[in-house]
1. Yes or no: Pro618 free of Cβ contacts under 8 Å to residues at least 40 places away in the same chain and over 21 Å from His64 (Cα atoms)?
2. Which ones in segment 227-247 are within 26 Å of the chain's Cα centre (by Cα) and more than 16 Å from the ligand (Cβ to nearest atom)?
3. Being over 30 Å from Val701 (Cα atoms) and under 18 Å from the mean Cα position of the chain (by Cα) is true for just one of Leu557, Leu565, Leu603. Which residue is that?
4. How many of the residues in segment 249-272 are within 26 Å of the chain's Cα centre (by Cα) and small (Gly, Ala, Ser)?
5. Quick check on segment 160-180. Is at least one of its residues touching a helix residue (DSSP H, G or I) at 6+ places or on another chain (Cβ under 7 Å) and more than 23 Å from Leu303 (Cβ to Cβ)?
6. Name, by its number, the condition in (1) hydrophobic (A, V, I, L, M, F, W, C); (2) within 16 Å of the ligand (Cβ to nearest atom); (3) closer than 30 Å to Gly198 by Cα that does not hold for Trp290.
7. Just checking, how many residues over segment 144-185 are buried (at least 23 other Cβ atoms within 10 Å of the Cβ), of a type outside the set (Asp, Glu) and assigned to a loop (DSSP other than H, G, I, E, B)?
Amino acid sequence: MKKVTVLLGCAAAFLFVACQTSGPQPSRADAGRGPANVTAQRLLDAEREPSQWMTYNGSYSEQHYSRLTQITRDNVKNLGLAWFSDYDTNLQQQGQPLFIDGVIYVSTAWTKVYAYDAKTGKQLWQYDPKTPGQTIRRVCCGIVNRGIAAYHGKIYVATLEGRLVAIDAKTGKEAWSTQTVDPAKQYTITGAPRVAKGLVFIGTSGGEFGIRGYVGAYDADTGKEVWRFYTVPRNPAEGQENKALEMAAATWGNGNDWWAIGGGGSVWDAIVYDPKTDFLYFGTGNGTPWNQHYRDPSGGDNLFLASIVAVKASTGEYVWHYQTTPGDTWDYDAVSPMMTADIAIDGKPRHVVMQPCKNGFMYVLDAKTGELLRANAFTDVNWADGVDLKTGRPRVVADARYADKAWNLAPGVQGAHGWHSNAFSPDTGLIYIATQEAYFTMALDPTYKRALVGANNGARFNAELPGAKVGFTGYLQAWDPVAGKSVWKSESNQGPTGGALTTATGLVFQGNGNGQPASVVNTNAVGVGPGAKPQLRAFDARTGEKLWAFDVQTGILSSPITYELEGVQYVAVSVGAAVQGGDYYAPNYSRLLVFKANGTAALPPTKPYTARPLDPPPSTASADVLKLGEARYAQNCSICHGDNGNVRGANFPNLTRTPLLHAQEAFDAVVLQGVLNTRGMASFADTLTPQESQAVRAYLVKRANDLKSATAAGAPVPSQNGAGTIEPGRQ
Ligand code: CA
């Protein structure tokens, strides 16, 4: 059995908040005086300036809803490509663009940031933080970045290795840079910063690797840290930093030194500022390790893991929390995108926070108090029978904790929902959720030992459970958060599906992930297509009728935005993700696409592609060498390159097909000498000996030969848990 070890971290994002807390506020008349001239007032009024997309998810409510009305259900069929621009990477694109006064800003893989003249598509500048390739060893789920913030002439981005950077929006040059994490620890950042009250807010990733989670606020002008809120306690012997953490510490047992590897609770995605309450809401991730049996055998709630937390935005002082998954043992991060909204519940107007959670329940909470108002399963859920609205606690199915035997978990660790933006329409009252139906087999890993380098799960990924459901599919779902009911669903695609945008004209725009129909059986072989047709679609927000679609040629996961320039409404989206069965080597066409009515630009034809052959040298290694290679592969390589070396190719090469299998010298040049460091494949010379590198190669050669035989015999390709990818929650 394998212990899977994670080697990479995730970058955090930061937000900027307007600086002025006293004196006259800048007015909207300031608009247009320079690039990214986003003032505190403009951010507060973003919903009244729908021509712009100035902040992540469109406005402070993060409803991803636009009041623009030019593109309608009747004329959306006329949308065409206005222009496009290629990125310089074939990695996955998760970045949500901003549009400010005629300029589009967008972040891409490796936390690069681009600025474009929105009218012509001309690139104005590109910023490269020159993230060290070594960072990828701390990244669980891809060299990705989800977004940026803008304020007072600066663009803010959080780099993969944990810096918060302010970029001069005019020149693309770095204005300041703050190291927000301890570089000696396994922190990374992939999320988008937010700005409010003159502060930039950002958290971190790394919950699988051994970190202590926190969210920080940094001065937007200088980058100086103003406050930090830790999400889990530290060693009780040191005392806690505040009363909230004293309360949290009481929910952790003292019989196990869980603090030695940080505890987890990373704030890797959702951060929402609410001007109505002046609170900052954020979600927290899993504990370290995942399995509570090893993390804290006392079985306490382990606050503030898997929780939605509210703090005062100016000071970081705790206000309330709601723990979605007490004593989490399933990697059920509560970090999925959140939004605030004003809706009627039981006949009363309520100002609420909403989150379709990774654990499968859609939560509606009072924004001021955290009172639980609704909790309904929005996909297949079997770890709990439901949630008691009086106590706020889930009714957990005891066997689901996989203490004695394996459990076929739903939603699996891929989650019911990932980082993909949801959208809420105040007109329809529906929330449009990038939903996942996910299954995974969980079993206790009896060999688990803490890892200071690599992942801490404490759960087996390859447990035998005959008849278990595996894999996951994604679809867009319109959900009534008050009635707790599904209203419509799109067709399903394999793996995750894209983020959503909704408009005042009753449209929802959304991409279908890899575009591979869920009905096609994924054998984990390379090149599942033909049949994959990734598209950006437009749906009728009330009925789900598909009104328009555009073939984007590559996977589409990021969220579209819309804006108006010189009287014309546009829709823009970043695309780029593996399409052909998760083949890293297949072309993926990472691009920014911009649409308008009757746009006539055309994408160049796709390049012909044939998957690399499965052509390993003969397997001649001894059983002992293979055993060593399997163990060292599992610990050092599997999180990126897949269990067994044959899956999880979307962001990383499939090593059963690499030509490096034919020569140890070439294999060592990459694995030990780090010749591909700048592409993210850092040297492992500090954790692998030359003998172990040989054993890893021998193991991969054996795996490739096994796969070749199985394929020749027409047998299904072995896999764990439907394999493919488990990116969505692993940050
Ligand atoms: Ca996680």
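The values are calculated or read from the model by the stated rules, or taken from the named source; none is laboratory data. It should be emphasised that the depicted structure is a prediction, and the values quoted were computed from it without experimental measurement. Methodologically, a virtual Cβ is constructed for each residue, glycine included, from the backbone with ideal geometry; neighbour enumeration extends over all protein chains shown.
1. Numbers: free of Cβ contacts under 8 Å to residues at least 40 places away in the same chain: no; over 21 Å from His64 (Cα atoms): yes.
No.
2. Of everything in segment 227-247, those that are within 26 Å of the chain's Cα centre (by Cα) and more than 16 Å from the ligand (Cβ to nearest atom) turn out to be Trp227, Arg228, Phe229, Tyr230, Pro233.
3. Numbers: Leu565 fails: under 18 Å from the mean Cα position of the chain (by Cα); Leu603 fails: under 18 Å from the mean Cα position of the chain (by Cα).
Just one listed residue meets the conditions, Leu557.
4. So the answer is 6.
5. Step one: list which residues in segment 160-180 are touching a helix residue (DSSP H, G or I) at 6+ places or on another chain (Cβ under 7 Å), which gives 160-161.
From the residues that got through so far, the ones that are more than 23 Å from Leu303 (Cβ to Cβ) too are 160-161.
Yes: segment 160-180 contains one or more residues that are touching a helix residue (DSSP H, G or I) at 6+ places or on another chain (Cβ under 7 Å) and more than 23 Å from Leu303 (Cβ to Cβ).
6. The one condition Trp290 does not meet is (3).
7. To start, the set of residues in segment 144-185 that are buried (at least 23 other Cβ atoms within 10 Å of the Cβ) comprises 144-151, 154-167, 169, 180-181.
Checking the rest, the ones that are also of a type outside the set (Asp, Glu) come to 144-151, 154-160, 162-167, 169, 180-181.
Within this subset, residues satisfying the condition of being assigned to a loop (DSSP other than H, G, I, E, B) are 144-146, 148, 159-160, 162, 169, 180-181.
Looking only at that region, the number is 10.
Conditions (1) closer than 15 Å to Pro496 by Cα; (2) more than 16 Å from the ligand (Cβ to nearest atom); (3) in a loop (DSSP other than H, G, I, E, B), marked per residue:
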| position | (1), (2), (3) |
| --- | --- |
| His417 | yes, no, yes |
| Tyr432 | yes, yes, no |
| Gln436 | yes, no, no |
| Thr447 | no, yes, yes |
| Ala455 | no, no, yes |
| Leu465 | no, yes, yes |
